[in-house]
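*Asks:* Sharing a structure here in structure tokens format.
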Amino acid sequence: MKIAIAATLVGSAAAFAPTASFGVHNSALNMATEAATEKAFAKLPATVKPGVVTGQALVDLLDAAKEQGYAIPGVNIVGSNSINACMEAAAKYGGPIMVTFSKGGGQFIAGKSLNNDADQASIAGTIAGARHVHEVAKLYGVPVVLHTDHCQKAWLPWIDGLLAASEEHYAKEGFPLFSSHMLDLSEEPLEENIAICKSYLE
């Protein structure tokens, strides 16, 4: 499962590359003209349904975004209110959305007063936020990419906790808890960066 999670993000990163129309801000949320009065989803692959998008459906979504020349908005959230606002905007204007958790955002969801020495609050809050998205995303009628953002080396225990929770979730439900995870080891020497990433992909 680790391979699918990491490889999906790495393999389809080109979907977010700028198109030739540099000055035009294309996204699935504004594929309709500014004057349009009704929402218009970008043409989504048949595999992409409302709710959390994972596995092959995620690959298909990112490939479609690349082919059609739009970006999927990604918003770092800090609670159910900001999660809901993202999905409400996607439902209102039409298009998929990326709900993105940071380590700090996860801690904020759990409560900043909690002890976080071993990242337990960040892990618990991120898991709680992810479960919230799974419960309500289909009600908003939009595809949601559930992503964790910029995990540096010192924060790897946070990702380890999330991967363990996702594996447990997969064993019970048959689908991952998260769509994708990002390791950001850009501060580390290249050899160490590659070695750590390789260990997560194996």
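*Asks:* Where only protein heavy atoms count, and the probe is 1.4 Å, what is the accessible area per residue for the stretch 63-202 in Å²?
*Replies:* About 48 Å² of surface per residue is accessible.
*Asks:* May I ask you to evaluate 6.51 cos²θ - 1.76 cosθ + 1.60, the Karplus curve with θ = phi - 60°, for each residue of the stretch 104-115 and list the ³J(HN,Hα) values in order in whole Hz, giving x for glycine and proline?
*Replies:* These are the phi-based 3J(HN,Hα) values: x, x, x, 5, 5, 4, 5, x, 5, 7, 6, 5 Hz.
*Asks:* Under 13 Å between alpha carbons, and skipping anything fewer than 8 positions from LYS103 in its own chain: which aspartates and glutamates qualify?
*Replies:* Correct list for LYS103: ASP117, ASP119, ASP149, ASP160, ASP184.
*Asks:* Assuming R0 = 25 Å, what is the FRET efficiency of ILE194 and ASN76, from their Cβ-Cβ distance, to the nearest 0.05? Show your work: numbers first, answer last.
*Replies:* Numbers: r = 27 Å, r/R0 = 1.06.
Result of the calculation: an efficiency of 0.40.
*Asks:* Take the Cα pairs of the stretch 64-179, get the Kirkwood Rh, then feed it into Stokes-Einstein at 25 °C and 0.890 mPa s and tell me D in µm²/s.
*Replies:* Values: Rh = 14.6 Å.
Here the translational diffusion coefficient equals 168 µm²/s.
*Asks:* Oh, and also: Enumerate the lysines that LYS92 could reach by cross-link, defined here as Cα to Cα under 21 Å, with residues fewer than 8 away along the same chain left out.
*Replies:* LYS39, LYS43, LYS49, LYS138
*Asks:* Ignoring solvent entirely, what values of log10 I(q)/I(0) come out of the Debye formula for the stretch 115-161 at 0.16, 0.19, 0.21 Å⁻¹ when each Cα is a single scatterer?
*Replies:* With no solvent term, the Cα-only Debye profile gives -0.52, -0.67, -0.76.
*Asks:* Have a look at the stretch 44-126 and give its Rg and Dmax from the Cα atoms, expressed in angstrom.
*Replies:* 15.2, 45
*Asks:* When all alpha-carbon pairs of the stretch 112-202 are counted, what percent fall beyond 21 Å? Walk me through the intermediate numbers first.
*Replies:* Numbers: 1578 of 4095 pairs.
For the stretch 112-202, the share of Cα pairs beyond 21 Å comes to 39 percent.
*Asks:* Given R₀ = 35 Å, FRET efficiency for ASP184-LEU139 by Cβ-Cβ distance, to 0.05?
*Replies:* 0.60
The values are calculated or read from the model by the stated rules, or taken from the named source; none is laboratory data. This one's a predicted model, so the numbers in the text were calculated from it and none came from an experiment. Cβ sites come from the backbone with ideal geometry, for glycine too, and all protein chains shown count toward neighbours. Note: accessible area is taken over every heavy atom of the protein model, side chains too, but ligands, DNA and RNA are not part of it. Shrake-Rupley method; radii C 1.70, N 1.55, O 1.52, S 1.80 Å.
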